[in-house]
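Have a look at this one before I ask anything.
Values in this text are rule-based calculations from the coordinates and carry no lab data. Nothing here was measured: the structure is a model prediction, and the numbers come from that model. Because the Cβ atoms are built from the backbone with ideal geometry, glycine has one as well, and the counts that use them run over all protein chains shown.
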Amino acid sequence: MRYRLDPVIIHEGWQSGYAQMIDLALSRTSPENITIWTLRFLPGHPMLARTLHGKAAEHLFAGKFVAGVGDRKRRYRPEVRLEIYRFLIERIRRHYA
């Protein structure tokens, strides 16, 4: 069994929400592999999200992103991704100590 956290999206209360999800899932199962990817998107996706979801999509694309190299995708800034990965990995490791 494999868990795939993809995409991990920063939102209000993201740490609490992901911690609860991880704790619940890993208290009931033991995956062989866990994959983590953060939100990434092509330049036109924010406009598409705003068209489909209006102001509800605004916060998803606010100022935390940088352009990717080679694939044109935008990603959270490296320091933001590092914060996300550190938090999630630490939470997962609590279940394997």
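Treating only the Cβ atoms of Lys and Arg (+1) and Asp and Glu (-1) as charged, compute the dipole magnitude of the chain about its Cα centre; round to the nearest 20 debye.
220 debye
Checking the a/c ratio against 1.5 first, then a/b against b/c, what shape does the Cα gyration tensor give for segment 1-45?
oblate
While we're on this one: What FRET efficiency would be calculated for the residue pair LEU48, MET21, taking the C-beta separation as r and a Förster radius of 25 Å, to the nearest 0.05?
For R0 = 25 Å, the calculated efficiency reads 0.40.
Still on this model: Rounded if a/c is under 1.5, else prolate if a/b is larger than b/c, else oblate: which is segment 51-97, with a ≥ b ≥ c the root eigenvalues of its Cα gyration tensor?
Because a/c hits 1.5 or more and a/b fails to exceed b/c, segment 51-97 counts as oblate.
Find out how many positive minus negative residues lie around ALA62, taking Lys and Arg as positive, Asp and Glu as negative, among other residues whose Cβ is under 15 Å from that of ALA62.
+4
Shifting gears a bit: Between THR29 and ALA67, how high is the FRET efficiency from 1/(1 + (r/R0)^6) when r is the Cβ-Cβ distance and R₀ = 25 Å? Nearest 0.05.
Efficiency computed from Cβ-Cβ geometry: 0.10.
Let me ask something else about it. Compute the signed sum of charges (Lys and Arg +1, Asp and Glu -1) over the other residues within less than 13 Å, Cβ to Cβ, of SER27.
Here the charged neighbours net out to +2.
Here is a further query. Shape call for the chain from the C-alpha gyration tensor, a ≥ b ≥ c root eigenvalues: rounded (a/c under 1.5), prolate (a/b greater than b/c) or oblate?
Prolate, because a/c is 1.5 or more and a/b exceeds b/c.
Residues with beta-carbon under 12 Å from that of ALA97, excluding ALA97: net charge, scoring Lys, Arg +1 and Asp, Glu -1?
Residues close to ALA97 contribute a combined charge of +2.
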